[in-house]
Amino acid sequence: MSLDTDTGIAPYDAPEKDLYEIGEMPPLGYVPRKMYAWAIRRERHGEPDKSFQQEVVDTWEIDSHEVLVLVMAAGVNYNGVWAGLGQPVSPFDGHKQPYHIAGSDAAGIVWKVGDKVKTWKVGDEVVVHCNQDDGDDEECNGGDPMFSPTQRIWGYETNDGSFSQFTRVQAQQLMPRPKHLTWEESACYTLTLATAYRMLFGHHPHELKPGQNVLVWGASGGLGSYAIQLANTVGANAIGVISDESKRQFVMDQGAKGVINRKEFNCWGQLPKVNSPEYNEWLKEARKFGKAIWDITGKGVSVDMVFEHPGEATFPVSSLVVKKGGMVVICAGTSGFNCTFDVRYMWMHQKRLQGSHFANLKQAASANRLMIERRLDPCMSEVFPWNEIPAAHMKMLKNEHKPGNMAVLVQAPKTGLRTVEDVLEAGKK
């Protein structure tokens, strides 16, 4: 039987069962007792091919302000790798639950709503942003929810992420799905896009402006590819940094003004002791890198902003090459967490060092509208079937993934589907 509501989804027949196979559709709005999930447990922390194991678990119960979403597809992010490894901290130290379901990106269908949810109904097609909070402190009511003491990342600091048939989210996490995209394209972009949006436009007065220049590390990755596209939406210039010459054309195709291959320079890692011979050699190489930026922007024109996320390997150079009064904004430390820099350049040139972490709903929604308006490309690189979720994270761990964003199929039985009817039809074959 099917739910008789005005959902926009054509009625269909399906049996009521306690557990459905991956790709098998329950009746609209019917919640089975059990579901499949890729679960991590503390005792098997390690590389993703060990720590991720498929299990049958209880389907989530939701409270009055929560929503249950049937997951069609999910996105792969580095926090899934961290969750599996248990590094730099174990997610179990935070949420204290017996198992952890990773995944902080999803596209799917609203399947059940709490009794106080007014803005969403069963059958709505949605994407999920990953910021949660309790909503009852001053930062959530007049401030910035990202500063709330209850701020947490769904699927990393909570145990109910997207690598399961159903996921549990707060109603405020939902945003409309771009209907022109496939389920997998819809699932791959929200975390990296919203993170990049806040980095570039969320730290007043250093919002990226028309005509300004931004240096983008990891320009071929999910974060970097969105930083370049977002810079273009405001008429700014992105200078992309790559470490593999084969990625140059991809970065230029995203709209970069120029590309620099960091393998042509030798100034990476922690800063040598200031004024030592090693430091002088480092400074010489770092200034060569700065000249490579000027070759793109014009002699003497340093970047207004550096879009940082590698951390330890690149931070000394980032803090050197940004212009006087400019900003280095950082959201991660994928090459290490011990960032060093020559503080003389920071204070004498009055540069700003700004940490940035995901985005609030207004920022995520603003970024999502750009995707709905087709002003951005999701930059989806690879799609993996359900049973290869650990393998997808292994590729990310080993930096063997292709440029762009990775997605995994959950309830969508194959790639290229855009509607629920597509999914139902594909499930019959």
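The values are calculated or read from the model by the stated rules, or taken from the named source; none is laboratory data. What you see is a predicted model, and the numbers here were worked out from it, not measured in a lab. Note that each Cβ is placed from the backbone with ideal geometry, even for glycine, and that neighbours are counted across all protein chains shown. Note: accessible area is taken over every heavy atom of the protein model, side chains too, but ligands, DNA and RNA are not part of it. Shrake-Rupley method; radii C 1.70, N 1.55, O 1.52, S 1.80 Å.
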Give the shape of the stretch 1-158 as rounded, prolate or oblate, defined through the alpha-carbon gyration tensor: a ≥ b ≥ c are the square roots of its eigenvalues, a/c under 1.5 means rounded, and otherwise the shape is prolate if a/b is larger than b/c and oblate if not.
-> oblate
Taking Lys and Arg as +1 and Asp and Glu as -1, residues besides residue 19 with C-beta under 9 Å from its C-beta add up to +1
Table column - 3J(HN,Hα) (Hz), the stretch 357-369, Karplus curve with 6.51, -1.76, 1.60, x for Gly and Pro | 9, 6, 6, 8, 4, 4, 5, 4, 5, 4, 5, 5, 4
Sorted by accessible area with a 1.4 angstrom probe, largest first, how do 309, 180 fall?
-> 180, 309
So the angle from the long Cα axis of helix 190-201 to the longest Cα principal axis of the chain, reported in degrees to the nearest 10, equals 40 degrees
Residue span residue 54 to residue 16: 0.36 nm per residue of separation minus Cα-Cα distance leaves a gain in nm of 11.4 nm
Accessible area expressed per residue, the chain, with surrounding protein chains retained (probe 1.4 Å, Å²) = 41 Å²
For the stretch 67-212: rounded, prolate or oblate by the Cα gyration tensor [a/c cutoff 1.5] = rounded
A 1.4 Å probe over the protein heavy atoms gives the stretch 348-397 a carbon and sulfur accessible-area percentage of 50 percent
Peptides ranked, highest mean first, by Cβ atoms within 10 Å: ranges 385-395, 105-115 = 105-115, 385-395
May I ask you to list the trypsin sites (Lys or Arg not before Pro) in the stretch 241-299 that are in a DSSP loop and have at most 16 other Cβ atoms within 10 Å of their Cβ?
-> 273, 299
Considering amide H positions built from the backbone, and no H for Pro or chain starts, which residues 5 or more places from residue 326, or on another chain, come under 5 Å of its amide H?
-> 352
Amide H proximity to residue 237 below 5 Å, modelled H, separation 5+ or other chain, gives 211, 212, 213, 214
Using only Cα atoms, find the angle between the long axis of helix 222-233 and the longest principal axis of the chain, and express it within 0 to 90 degrees, rounded to the nearest 10.
-> 80 degrees
Given (i) 141; (ii) 119; (iii) 562, which label gives volume of the Cα convex hull per residue in Å³ as computed from the coordinates?
-> (i)
Within the chain, helix-based [θ] at 222 nm, where runs of 4 or more DSSP H residues each add -39,500 (n - 2.57), nearest 500 = -7500 deg cm²/dmol
For helix 277-297, what angle does its Cα long axis make with the longest principal axis of the chain, in degrees from 0 to 90 and rounded to 10?
-> 70 degrees
With a 1.4 angstrom probe the carbon and sulfur portion of accessible area for the stretch 113-153, in percent, totals 46 percent
From the Cα centre of the stretch 96-126 to that of the stretch 346-383, the distance in Å is 23 Å
Let a ≥ b ≥ c be the square roots of the eigenvalues of the Cα gyration tensor of the stretch 135-292; is it rounded (a/c under 1.5), or, if not, prolate (a/b larger than b/c) or oblate?
-> prolate
Unit charges on C-beta of K, R, D, E only; dipole of the stretch 173-322, Debye | 260 debye
Cross-link reach from residue 50 to lysines, straight Cα distance under 29 Å and at least 8 residues apart if same chain, gives 34, 96, 395, 398, 402, 414
If you plug each phi of the stretch 68-75 into the Karplus form 6.51 cos²θ - 1.76 cosθ + 1.60 with θ = phi - 60°, what whole-Hz ³J(HN,Hα) values come out, in order, with x for Gly and Pro?
-> 9, 10, 7, 7, 7, 8, 9, x
Report ³J(HN,Hα) in whole Hz for each residue of the stretch 378-384, in order, from the Karplus equation J = 6.51 cos²θ - 1.76 cosθ + 1.60 where θ = phi - 60°; Gly and Pro get x.
-> x, 6, 6, 9, 9, 10, 10
